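The next block holds one structure in the form of structure tokens; read it before the comments.
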Amino acid sequence: MSNRPIYPPSHHVLRHLRLVHRWTDTGLEATMPILPDLCDSEGWLRIGAIATLVDSAAGSFSVREVTPDWVATLALGTVLHRRAEGEIVTATCRPIRIGRNNVTTETMIWDDAVDGTTGTKRASAVASAICTYARLPGREDNPSTSGRDRAVIDYAEADEEARVPIDDYLRLVREPEAPIITLDHHSRIHNSFGSIQGGAVVMMVEAAAVHAAELVWGRPARCVDTQVTYLAQSKGGPFRVSAEMVRDDGAASSVRVEIIDVGHSDRLLDVATATIVPA
């Protein structure tokens, strides 16, 4: 029997999102329900939730492709094209390149909405993403990914915690008059190395960028694009997520975001850019 830890653990963000992975002859499909607590005030599925689905799907796909090696997220770019409709979204992942050092994938996100005129599913994607992983030598302490050899892996858990807005689930704390968010390091956001899960990083980037725009605009805002570069593994937290508006024309804003490990000499963990529009 393996003594490797199971990933994701119980009461983790990947389980809270009720992700399901389905392996097929052509690759991997991953689904996530469109839940109210994963949407913004106007009912749009948030880009941070979508990116978490992407990172989970692309990461699992990449691990299977390079086994016995392992992967760690280097960069994740996600673009939100339109509002997700229906009950679920589905991520389909394909490899762009599997190299000796890096793995790059493309993931498309689809909903199950039906066109009212034609009665067929909409042909346009909800979102798309490019993810690049570092390929790492396999180690004996790499975790077991909770049954990745099964055709269907359902990450939802029977003893699910109460549904709350995803920012509250992640325990994000906004400074009321500054574009800064803080949080502690906790098991809900751990990745397989005990750092921060790649999708949770995007959730933090999104929340800080939207917070920055709303402080300036005084009205609800929406993040439609995130480009994140992952620089270092965290050492324990707490973390500070700070945002700076670098361009604003009233209709859209470009925001720079960085995540700092305050508890480890202000180590820079991630840098990102985000595009914000009025909600």
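The values are calculated or read from the model by the stated rules, or taken from the named source; none is laboratory data. This structure is a prediction, so every number in the text was calculated from the model and none was measured. We place every Cβ from the backbone using ideal geometry, glycine too, and count neighbours over all the protein chains shown.
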Name every residue in region 60-88 that is surrounded by fewer than 19 Cβ atoms within 10 Å (Cβ to Cβ), over 24 Å from LEU231 (Cα atoms) and of a type in the set (A, V, I, L, M, F, W, C), in order of residue number. ILE88
Search region 209-251 for residues being out of contact with any Ser or Thr (no Cβ under 9 Å at 6 or more places or on another chain), more than 20 Å from ALA279 (Cβ to Cβ) and assigned to a loop (DSSP other than H, G, I, E, B), and hand back the single one that is modelled with the highest pLDDT. LEU231
Scan region 132-161 and report the pairs whose first residue is modelled with pLDDT under 90 and whose second residue is of a type in the set (A, V, I, L, M), with Cβ atoms within less than 7 Å and a gap of 6+ or a chain change. PRO143/ILE6; SER144/ILE6; THR145/VAL63; SER146/ILE6; SER146/ILE153; GLY147/ILE153
Given the criterion within 21 Å of the chain's Cα centre (by Cα) and hydrophobic (A, V, I, L, M, F, W, C), identify the matching residue among ALA178, ALA200. ALA200
Pick out the one residue from ILE96, ILE47, ILE34, ILE88 that is more than 24 Å from ARG122 (Cα to Cα) and touching a strand residue (DSSP E or B) at 6+ places or on another chain (Cβ under 8 Å). ILE96
Name every residue in region 176-197 that is among the aliphatic types (A, V, I, L, M) and crowded, with 18+ Cβ neighbours inside 10 Å, in order of residue number. ILE181, LEU183, ILE189, ILE196
Taking the residues in region 89-122 that are closer than 24 Å to ALA49 by Cα, free of Cβ contacts under 8 Å to residues at least 60 places away in the same chain and among the hydroxyl-bearing types (Ser, Thr, Tyr) as candidates, determine which candidate is surrounded by the fewest Cβ atoms within 10 Å (Cβ to Cβ). THR104
Quick check: anything in region 62-78 under 13 Å from the mean Cα position of the chain (by Cα) and in a helix (DSSP H, G or I)? no
